[in-house]
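A.B. asks: Would you mind keeping the following structure in view while I ask a few things?
The values are calculated or read from the model by the stated rules, or taken from the named source; none is laboratory data. No experiment lies behind these values; they were computed from the predicted model shown. Neighbour counts run over all protein chains shown; Cβ positions are idealised from the backbone, glycine included.
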């Protein structure tokens, strides 16, 4: 399952469907976006959103569907059993993609875990 999360209100609606570690990371990211860009923004506005996927395969599909001009993420962050990839659409809009890690060695982005 893939969830697009744009505000704390939206996050709270699906809180029970997300693992604890992922929820906390998403909450931290969305809190900053709400504070800096407003909680009533849309995907077209500045700020951005978080996309959570249950698998890395679903995550990769979500990345492909958004057609970013850059194919390489600006940031890759491994935390707990998850990976967070940040893609920037422009100077003021970022998309964080979060999914469980696939294996316990090295994933396709080169992160060791």
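A.B. asks: Tell me which of these residue 75 doesn't satisfy, since it passes every other one: (1) at pLDDT 80 or above; (2) surrounded by fewer than 16 Cβ atoms within 10 Å (Cβ to Cβ); (3) closer than 23 Å to residue 1 by Cβ.
C.D. replies: Every condition holds for residue 75 apart from (3).
A.B. asks: Any idea how many residues of the range 24-49 are under 26 Å from residue 101 (Cβ atoms) and either more than 15 Å from the chain's Cα centre (by Cα) or crowded, with 18+ Cβ neighbours inside 10 Å (or both)?
C.D. replies: Total satisfying the criteria: 7.
A.B. asks: Also, I was wondering about something else. Here is a check on your reading of the model: is residue 76 closer than 18 Å to residue 101 by Cα and in contact (Cβ under 8 Å) with a residue 40 or more places away in the chain?
C.D. replies: So residue 76 fails the test.
A.B. asks: Quick one: count up the residues across the range 20-36 that are farther than 20 Å from residue 74 by Cα and touching a residue at least 40 places away in the same chain (Cβ under 8 Å).
C.D. replies: Result for the range 20-36: 1.
A.B. asks: If you check every pair at least six apart or on different chains, which have Cβ atoms under 7 Å apart with a residue in the range 37-53 that is under 14 Å from residue 66 (Cα atoms) first and a residue that is assigned to a helix (DSSP H, G or I) and modelled with pLDDT under 85 second?
C.D. replies: Hits for this filter: 51/62.
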